[in-house]
1. Checking N43 against (1) under 16 Å from D10 (Cα atoms); (2) modelled with pLDDT under 90; (3) not basic (K, R): exactly one of these is not met. Which one?
2. So how many residues does segment 1-14 have that are surrounded by 11 or more Cβ atoms within 10 Å (Cβ to Cβ) and not in a strand (DSSP E or B)?
3. Could you please give the count of residues in segment 47-67 that are closer than 19 Å to G29 by Cα and either over 9 Å from the mean Cα position of the chain (by Cα) or among the small types (G, A, S) (or both)?
4. Go through segment 116-140 and count every residue that is in contact (Cβ under 8 Å) with a residue 60 or more places away in the chain and surrounded by 10 or more Cβ atoms within 10 Å (Cβ to Cβ).
5. Given (1) closer than 15 Å to E47 by Cα; (2) among the polar types (S, T, N, Q); (3) modelled with pLDDT under 85; (4) surrounded by fewer than 13 Cβ atoms within 10 Å (Cβ to Cβ), where does Q77 come up short, assuming only one miss?
6. For segment 20-38, how many residues meet the condition of being out of contact with any helix residue (DSSP H, G or I) (no Cβ under 9 Å at 6 or more places or on another chain), surrounded by 14 or more Cβ atoms within 10 Å (Cβ to Cβ) and modelled with pLDDT under 95?
7. Do you know which residues across segment 90-133 are of a type outside the set (A, V, I, L, M), within 15 Å of the chain's Cα centre (by Cα) and under 14 Å from E47 (Cα atoms)?
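The values are calculated or read from the model by the stated rules, or taken from the named source; none is laboratory data. What you see is a predicted model, and the numbers here were worked out from it, not measured in a lab. Every residue, glycine among them, receives a Cβ derived from its backbone with ideal geometry; neighbour counts consider all protein chains shown.
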Amino acid sequence: MNKKRYIFIDASCVGNPGPMEYRWVNKQGKELFRSKLYPKWTNNIGEFLAIVDAIQYVQKREKQGYEIDVTIYTDSQTALQRLASKKPKTTLKHGKDTTILLKKLQESLQRLKTNDITNYNIQKRDTAKHGEIPADFGRK
């Protein structure tokens, strides 16, 4: 039997741009993944990367033969729009603190162009109704 699963993602950025990290947790709040802390980035790109990484995780599990019924939740409408358009925007230039993530962003865009993600359930969490997303870092 296929069990319904939930992945909640969030990013945290102190400043804009500033040190950024992202993570995913399950419904119970158990951390499933946490990125490293990147020295200079933005929250919106962190949210976008977290979604793409979560999709890649689910795809790998499916290729291993697991049947996964998962909903990925984000609290970022901007990240969802950029995912749909496959055009995340950033004005950050290549530099010592940004090169690694700019490369990761390009790899994520390539994955989106070569993989169909339309069958994945990616939703905006209604934080007004349900409260903060369980992956929230609590740094507001």
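1. Every condition holds for N43 apart from (2).
2. Residues meeting the conditions: 1.
3. Final tally of qualifying residues: 4.
4. Taking segment 116-140 and keeping what is in contact (Cβ under 8 Å) with a residue 60 or more places away in the chain, we get 117, 120, 122, 125, 133-137, 139.
Now narrow it down to the ones that are surrounded by 10 or more Cβ atoms within 10 Å (Cβ to Cβ): 117, 120, 122, 125, 133-137.
Count: 9.
5. The single condition Q77 does not satisfy is (3).
6. The qualifying residues number 1.
7. Once the filter is applied, which keeps residues that are of a type outside the set (A, V, I, L, M), within 15 Å of the chain's Cα centre (by Cα) and under 14 Å from E47 (Cα atoms), segment 90-133 yields K104, S108, Q123, K124, R125.
For every residue, the table says whether it meets (1) out of contact with any strand residue (DSSP E or B) (no Cβ under 8 Å at 6 or more places or on another chain); (2) more than 15 Å from S12 (Cα to Cα).
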position	(1), (2)
F33	no, no
I51	no, no
R61	yes, yes
Y66	yes, yes
I72	no, yes
K89	yes, yes
L112	yes, yes
R139	no, no
